[in-house]
Amino acid sequence: MASVADTRPTPRFVSPTASRELALIAAIFIVGTVFTLLSEHFLTVNNLVQTMRAGLELAIVSAGMTLVIIMGGIDVSVGGILAVSAIVIGKAYQAGLPVYLVTPLGLMAGTLLGAWNGFVTAKLKVPPIIATLGSMYIFSAIMFLVIGGAWIAGLPGTLSPLVNGWVGVVPASAIVIAAVYLVAWVLLRKLPFGSHVYAIGCDEQSARLVGINVDRTKIATYAFLGFLTGLAALLYVARLRNVEINIGTTVALEAIAATILGGTNIRGGVGSLLGTLLGVAFIRIMQNGLVLIGVSSLWETVIIGSLLIVVLTVDTLRNRNNPRAA
């Protein structure tokens, strides 16, 4: 008789996402070509750099979302985490705290809120979508209670070089994105933590049977997403120097969409950070191009939501025809 270790699903370290990544590269090339033909402003250095800077927070949050979804979870509360973290940062600046104190406060706020989601999911056994949906309402309420519907404006741009600066001929924001994805890649591919994330996403019960501390891994993964969301809040404040009342309203949808468009299986066990980054690029290029050709911003969400439905439908049909891919 085969042992449990012999029969458990194998974590998919060589994930079947290469075709999705190639498809995204082709899609980016096609839509880029179309927008170049329709707008003389699209294929310019200034526009492309500004598009990347506008996608900085989404790219960072999506890296953490990839790990959570690979693990079989989801977090629809990241917009609320982003908002609360930004408020903590804004209030800390208004209180006169220096940047070396403001920075850890913002990161700590995001980490604690993310860990809370992990705790509710792991320890209280609440399904991730329900747990984080409840957290989304709680965090949103906190935001409105604290700022009372008004902006926090006139904040210092101490960290703005991380967003708007250059290192030689390379935008600093590109270096920040590369650093975040390198850290996430090391966690996911080079450390035992990553193999635990994949194993839980493949089969949580089997992961428990082979000795993986599932609850601790879940809390740590949600906390990592929260940490990255806190970092995104820092860079958001650095970029805009204010905290708006509608901050973070679309980041959850966009981060989930970018992750799934990039090939991460919504059921867990399969995922690609490179695919996620390509998904972020595709979304931001689409949004930028639509603005340049005069399409209403209302259509951006319609298009992203439609793409998400199409991709999930294709994945469902593929998994139905090939159960081993599920």
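Nothing in this text is a laboratory measurement; each read-out follows from the coordinates by a stated rule. Everything numeric in this text was worked out from a predicted model, so none of it was measured. We place every Cβ from the backbone using ideal geometry, glycine too, and count neighbours over all the protein chains shown.
In table form, for the structure just shown:
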read-out: Fewest-first sequence of Y93, Y198 by Cβ atoms within 10 Å of each Cβ; value: Y93, Y198
read-out: Burial ordering of K91, K123, fewest other beta-carbon atoms within 10 Å first; value: K123, K91
read-out: Kyte-Doolittle mean at least 1.0 and Cα axial length at least 20 Å: DSSP H helices in the chain; value: 18-38, 56-70, 78-94, 99-122, 128-147, 172-189, 214-240, 273-292
read-out: CD proxy at 222 nm, helix term only [per DSSP H run n ≥ 4: -39500 (n - 2.57); per residue of the chain; nearest 500]; value: -23500 deg cm²/dmol
read-out: Most fluctuating residue given options L155, L307, L101, as computed from a GNM of the chain linking Cα atoms under 10 Å; value: L101
read-out: Taking segment 72-150 and dividing mean pair separation by its residue count, relative contact order in percent (alpha carbons under 8 Å, at least six apart); value: 51
read-out: Lysines whose Cα lies under 20 Å from that of K218, excluding same-chain neighbours fewer than 8 positions away; value: K123, K125, K190
read-out: Residue among V84, V99, V270 with the largest mean-square fluctuation in a Gaussian network model of the chain, springs linking Cα atoms under 10 Å; value: V99
read-out: Loop trypsin sites (Lys or Arg not before Pro), segment 183-236 (other Cβ atoms within 10 Å of the site Cβ: 13 or fewer; DSSP); value: K190
